[in-house]
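Report on one structure; see the data block that follows.
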Amino acid sequence: MKRVSRFIFASMSRKVRVRFAPSPTGGLHLGGVRTVLYNYLFAKKYKGDFIVRIEDTDQSRYVPGAEEYIFDTLKWCGMIPDESVQHGGDFGPYRQSERKERYKQFALQLVNDGYAYYAFDTPEELEKMRQDLKTEHNPTPQYDHHIRMKMRNSLTLSSDETHKLLSDGERFVIRIKVPENDQLSFTDMIRGEVKFDTSTVDDKVLLKADGMPTYHLAVVVDDHQMQISHSFRGEEWLPSAPVHILLWKYLFGLENMPQWAHLPLILGPNGKLSKRDGAKYGFPVFAMNWTDPKTGETTEGFKEKGFLPEAFLNYLALLGWNDGSEQEIFSMEDLIERFSMERVHSAGAKFDYEKAKWFNHEWIKKSSNSFLLPQVKTLLETNGITIVDDTLLEKIIGLIKDRCTLLPDFVPQSSFFFQTPATIDADAIRPKWNEDKKKFFVAYSEKILNSEWNAVTLENMFKELATEKNIKPGELQLPFRIMLVGGKFGPPVFQIAEVLGKDETVKRIDGALKIF
RNA sequence: GGCCCGUUCGUCUAAGGGCUAGGACACCACCCUUUCACGGUGGUGAUACGGGUUCGAAUCCCGUACGGGCUACCA
């Protein structure tokens, strides 16, 4: 493992302020949630601010409901922003579409300083350029220093022509003028020094024809104005880092640039984890259910699948990070205490649904019955089981939680406590069933009618009677279970009887005896 | 194609030059349990390859291979 950031913390003099900057274009997937988590942990660890900024500069990709969804997800995860569209703060607005004018002003400043230029090329002209220059060795020609002087922009046009086009209202963009032979580098908190040769960097658009900034301009301006100290984002942003370095240099000074960490990607079973393939993988990719407002199609989320947020985040935290010990179960408090960016792995990690489920199982087992109660209760009620006695349900939860990996498992594991089993797995008993056993149960159900009602007594009476009748108690337990539960599963059978109560137990024995 | 990032059991990972390469998930076996689980014990299983440097390399350097990302007026 490469560890690089010792000196970064030494130089961490300013207040820690980090931001999660999602684009509201759909559901929040695994990778996004982990990015939030690392931001959140880092902020809380250093008593800093966690900011959520909505990056909605692409109006064509605006999806209604997506912004709300993001905040709902954060709430479910228990990661509450200190500043955001919903939480206020001194550095707003926190929606980039509402900061439009600021970006333009900086773009114009760059033009004036000679670091950027107006470009009037139409989409058709750009397409033509790409087609004309395309070769086997260069399948995707870039708008860069090689060709900028052959295009229609303020570098090739005279000052008068440029002004005329501008005053005529001709559509234009502003592009950064990337220098030709510059070596750029920065120290990534996870990867160490990363170098770039500016000759391979293209003249990215900074301000679009609709007046909106692109990500490149907006992120730099906002990170500066919001006084962001550390900037964490996915590895897919690494190639555009040189553009951002240049902008920091031109606009606000390299010394004010946040420390960067480019997080490794989370991969699916066959490489890149894609939002669309959620159903195909057989496991969710979104944190919560997401319904596409256009198609009406719903993609299942971890929440609805039955994950506890604690477990979901615990697993995500470990996907690319560990504290060096062999501990795997971490609460949010633990994570805040132990987290460090320098121990984040640099390689991508494949998402393992089996392990995710294991974490959930662990969290269910370690959660108190009362903590689980409201969630299980809701689940049962949506499945048509009315809960009248919370104390009883709590007891039942304690009996069955070892057997539940996902929250919905509580339904089949507990429904027989509330309803007479709809089906009885009689086939499991019939082969070994006989008249003696039947007589045993007739006698047993009579005997327990007058008995003290607890698991221990029930079990003792069961064994005594079996011995009396010369039958091995073990051979009778499975039939008894089937009578009460309907199948071969569930907690110890006498505990089930205890919870069921005298009347119901006797009733189920009688009912089953008619079928066998 | 170019640029950037990466590479330890199937998967997530530990090991900051000195090891029988450790743990977890999954899998298998056994124990516990006359249900299903939990739990316990054990097992299968990895340093991509080739060169250096060194007494000694998973670890440092170079190359190769492979994987991933980026290459939009998307983020």
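Computed from the coordinates by the stated procedures, all read-outs in this text should not be read as laboratory data. These numbers come from a predicted model, not from an experiment. Please note: Cβ atoms are built from the backbone with ideal geometry, for glycine as well, and neighbour counts cover all protein chains shown.
Going down the list A:LYS432/A:LYS514; A:LYS395/A:LYS439; A:LYS45/A:LYS204; A:LYS469/A:LYS514; A:LYS395/A:LYS469, which pairs span over 25 Å between their C-alpha atoms? Correct reply: A:LYS395/A:LYS439; A:LYS45/A:LYS204; A:LYS395/A:LYS469. Taken along the Cα-to-beta-carbon direction at a fixed 7 Å, the label points for A:GLU504 and A:GLU468 span 2.7 nm.
Could you order peptides A:313-326, A:15-28 by the average number of other Cβ atoms within 10 Å of their residues, highest first?
On the way: A:313-326: 19.1, A:15-28: 21.9.
Descending packing order for the listed peptides: A:15-28, A:313-326.
The simple Förster model, with R0 at 56 Å and r as the Cβ-Cβ distance, assigns A:LEU449 and A:ARG343 a FRET efficiency of 0.30. All alpha carbon pair distances within the range A:99-207 were sorted into 10 Å bins beginning at 0; the resulting P(r) in whole percents reads 13, 38, 32, 14, 2. Every pair of different Cα atoms in the range A:271-363 enters the Kirkwood calculation, which places the hydrodynamic radius at 14.5 Å. For chain A, the equivalent ellipsoid derived from the Cα gyration tensor has semi-axes of 65, 23, 20 Å, listed largest first. Is the range A:366-413 best put as rounded, prolate or oblate by its Cα gyration tensor, with a ≥ b ≥ c the root eigenvalues, rounded for a/c under 1.5, and otherwise prolate when a/b is larger than b/c, oblate when not? The shape class here is oblate. The simple spin-label model puts a point 7 Å past each Cα toward its Cβ; for A:LEU108 and A:SER185 those points are separated by 3.9 nm.
Near A:GLN495: Cβ cut-off under 12 Å, other residues only, Lys/Arg at +1 and Asp/Glu at -1. The net charge is 0.
Counted by Cβ distance under 9 Å from A:ILE364, the other residues give a net charge of 0, where Lys and Arg count +1 and Asp and Glu count -1.
Compute the whole-percent fraction of alpha carbon pairs in the range A:178-269 spaced more than 14 Å apart. Percent of Cα pairs beyond 14 Å in the range A:178-269: 67.
For a test of the definition: using alpha carbon positions, the gyration tensor, and the 1.5 limit on a/c, classify the range A:426-515 as rounded, prolate or oblate. Since a/c stays below 1.5, the shape of the range A:426-515 is classed as rounded.
The coefficient of translational diffusion for the range A:199-343, derived via Stokes-Einstein from the alpha carbon Kirkwood radius under 20 °C and 1.002 mPa s, stands at 116 µm²/s.
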